[in-house]
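Novice: This structure is in structure tokens; I'll ask about it shortly.
The values are calculated or read from the model by the stated rules, or taken from the named source; none is laboratory data. Predicted model only: the values in this text are computed from it and were never measured. Here the Cβ is made from the backbone with ideal geometry for all residues, glycine too, and neighbour counts use every protein chain on show.
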Amino acid sequence: MALGDTDHVLDYPIPSPAALEPPAEWARLRQGCPVAHVRLPSGDAATLLTRYDDVKHVLSDPRFTRDLNAPDAARIAANESGGVFNSGLGRALREEHHQQWRRMVGKWFTAKRMTALRPGIEAMAERLVDGMVASGAPADLKAALGFPLPVWVICDMLGVPESDRDKFAYWSNTLLSLTRYTQAEIDAAQAEFADYMGAHIAATRQDPGDDLISELIAAAAGAGGVMPDEALLATAQGLLVAGHETTANMIGKMVGMLLADRARWEALLADPSLVRTAVEEALRADANPGFGIPRYITEDAEVGGTVIPRGTTVVCNLAAANRDEDAFARADELDLARTPNTHLAFGAGAHSCLGQSLARTELQAVLDVLLRRLPTLELAVPAAELERVDGLVVGGLRALPVRW
């Protein structure tokens, strides 16, 4: 079967009826048009996948590449940041060296290191909750806790001062722009970040510390090589854009989902051992994670019985795939004890999210702290009134008003 009706083209991303609810089109596409034609924010055409098996297949198939700079690849947005899907890492490291780089960086994200980081993350969460409580209810949990915590963690990992976290937060926002910032603003943020990190990398080479940049420099030297500045800069930028905004927004969405039906919060209070599986279920059920993962295909390939021609840009919608009834029983229900939970929130295959263990650690730590410190936490507005963040590659809530 060839690709379906080209006259019917959806604009993508597809808007949701409410901040925590999925678009009805996802289910219709999975059932009737799992390989669909879409128009991206740039105006370029792409192919959208919404079924679990198809998304997992494409993300694990090396024919579907990350070469989004190819001449006939679709542009994601009219204003391309170059820092989200076209990261400098691909230019700094040849593909054959990429897995070597992943192994080096992956050593930083071991379970042992995450366990060691957990007390510091909880202590910072406690400090931020203290500040929120001192300011009084109602409060915006995203601004008070969700937004500052992950950027503090990333600054700590990169060995940069916590006092610079507002700069990092702005650069993160700008580099994740779909439609929110102008090209001039994106280019300026890219240049500012490169200048800042370039100076930090130079200083770290002279005076290494206990941070990721120092460890990568030392690991390369130990192997008889030199980790290029471009790769270190791209690593730092990848951490920032992948690890700050996504986790900051996920904290807000996770707590929002758990409080939208307060029986869920009560269940966690009654059995805190559910925190780990509740985090996984929130990741699976997240209806607003953002754009998805684009891939570019260099040869004809069949996906789900459909032939996708070479030169096509394919968008894998992870959130739609995570609600596929063929992969998850009662996929539209939030089951806090769901296990196993083989969701695709962190992607799949050779390029799955390197920092997923860190994200899980942060989310579990935040939830543990909130359950302990604010057992009476509740939404300060009806869940239907929560508003989405639009115009960025990642999805989130504008605010999460709460009281206790």
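Novice: Among the residues of segment 166-181, which ones are crowded, with 20+ Cβ neighbours inside 10 Å and of a type in the set (Ser, Thr, Tyr)?
Specialist: 172, 174, 177, 181
Novice: Same structure again: When you scan segment 322-337, do you find a residue that is closer than 30 Å to residue 45 by Cβ, in contact with a strand residue (DSSP E or B) (Cβ under 9 Å, 6 or more places away or on another chain) and not basic (Lys, Arg), even just one?
Specialist: no
Novice: Related question: Just checking, which of 259, 240, 269 is in contact with a helix residue (DSSP H, G or I) (Cβ under 8 Å, 6 or more places away or on another chain), within 30 Å of residue 213 (Cβ to Cβ) and of a type in the set (A, V, I, L, M, F, W, C)?
Specialist: Numbers: 259 fails: within 30 Å of residue 213 (Cβ to Cβ); 269 fails: within 30 Å of residue 213 (Cβ to Cβ).
Testing whether each residue is in contact with a helix residue (DSSP H, G or I) (Cβ under 8 Å, 6 or more places away or on another chain), within 30 Å of residue 213 (Cβ to Cβ) and of a type in the set (A, V, I, L, M, F, W, C) leaves just 240.
Novice: Continuing with this model, one more query. Restricting the search to segment 13-50, which residues are buried (at least 22 other Cβ atoms within 10 Å of the Cβ) and among the charged types (D, E, K, R)?
Specialist: 30
Novice: Can you name every one of the strands (runs of 3 or more DSSP E) wholly within segment 301-404 that holds 3 or more residues which are surrounded by 18 or more Cβ atoms within 10 Å (Cβ to Cβ)? It would help to see each step written out before you state the result.
Specialist: Numbers: elements: 301-303, 306-308, 313-316, 401-403.
Here the list reads 313-316.
Novice: In segment 237-259, which residues are within 16 Å of residue 395 (Cβ to Cβ) and at pLDDT 95 or above?
Specialist: Scanning segment 237-259 gives 250, 251, 252, 253, 254, 255, 256, 257.
Novice: Test of understanding: among 287, 248, which residue is among the hydrophobic types (A, V, I, L, M, F, W, C), farther than 28 Å from residue 31 by Cβ and touching a Pro at 6+ places or on another chain (Cβ under 8 Å)?
Specialist: Working: 287 fails: farther than 28 Å from residue 31 by Cβ.
The unique qualifying residue is 248.
Novice: Those residues that are aromatic (Phe, Trp, Tyr) and more than 21 Å from residue 113 (Cα to Cα), I need them from segment 132-153; list them, please.
Specialist: To start, the set of residues in segment 132-153 that are aromatic (Phe, Trp, Tyr) comprises 147, 152.
Within segment 132-153, just 147 meets the criteria.
Novice: If only one of 184, 188 is aliphatic (A, V, I, L, M), surrounded by 13 or more Cβ atoms within 10 Å (Cβ to Cβ), over 19 Å from the mean Cα position of the chain (by Cα) and farther than 24 Å from residue 254 by Cα, which one is it? Lay out the reasoning, then the answer.
Specialist: Working: 184 fails: surrounded by 13 or more Cβ atoms within 10 Å (Cβ to Cβ).
After applying the criteria, what remains is 188.
Novice: Report yes if residue 394 is over 21 Å from residue 277 (Cβ atoms) and touching a Ser or Thr at 6+ places or on another chain (Cβ under 7 Å), otherwise no. Let's see the steps before the verdict.
Specialist: Values: over 21 Å from residue 277 (Cβ atoms): yes; touching a Ser or Thr at 6+ places or on another chain (Cβ under 7 Å): yes.
It is true that residue 394 is over 21 Å from residue 277 (Cβ atoms) and touching a Ser or Thr at 6+ places or on another chain (Cβ under 7 Å).
Novice: Further, regarding this structure: Pairs please, first residue from segment 63-77 and more than 18 Å from residue 43 (Cβ to Cβ) and assigned to a loop (DSSP other than H, G, I, E, B), second anywhere and at pLDDT 90 or above and of a type outside the set (Phe, Trp, Tyr), Cβ atoms under 7 Å, 6+ apart in sequence or on different chains.
Specialist: The qualifying pairs are 63/297; 63/298; 63/299; 63/301; 66/295; 67/73.
Novice: Here is a check on your reading of the model: is residue 329 out of contact with any Cys (no Cβ under 6 Å at 6 or more places or on another chain) and more than 21 Å from residue 72 (Cα to Cα)? Spell out how you get there, then give the answer.
Specialist: Details: out of contact with any Cys (no Cβ under 6 Å at 6 or more places or on another chain): yes; more than 21 Å from residue 72 (Cα to Cα): yes.
In short, yes.
Novice: Quickly run through segment 229-280 and pick out the residues that are among the β-branched types (Val, Ile, Thr) and either in contact with a His (Cβ under 6 Å, 6 or more places away or on another chain) or under 18 Å from residue 404 (Cβ atoms) (or both). Write out each step before concluding.
Specialist: Narrowing segment 229-280 to residues among the β-branched types (Val, Ile, Thr): 235, 241, 246-247, 251, 255, 275, 277, 279.
Matches in segment 229-280: 251, 255.
Novice: Could you run through segment 255-293 and say how many residues are in a loop (DSSP other than H, G, I, E, B) and not acidic (Asp, Glu)?
Specialist: Within segment 255-293, the first condition is being in a loop (DSSP other than H, G, I, E, B), and the residues that meet it are 261, 271, 286-289, 291-292.
Retained after the next criterion (residues that are not acidic (Asp, Glu)): 287-289, 291-292.
Here the count works out to 5.
Novice: Is at least one residue of segment 367-376 within 20 Å of the chain's Cα centre (by Cα), acidic (Asp, Glu) and closer than 20 Å to residue 248 by Cβ? First the steps, then the outcome.
Specialist: Residues of segment 367-376 that are within 20 Å of the chain's Cα centre (by Cα), as a first pass: 367.
Okay, now just the ones that are also acidic (Asp, Glu), so none.
Looking through segment 367-376, none of the residues is within 20 Å of the chain's Cα centre (by Cα), acidic (Asp, Glu) and closer than 20 Å to residue 248 by Cβ.
Novice: Do the conditions hold for residue 248, that is, is it farther than 30 Å from residue 140 by Cα and part of a helix (DSSP H, G or I)?
Specialist: Numbers: farther than 30 Å from residue 140 by Cα: no; part of a helix (DSSP H, G or I): yes.
No.
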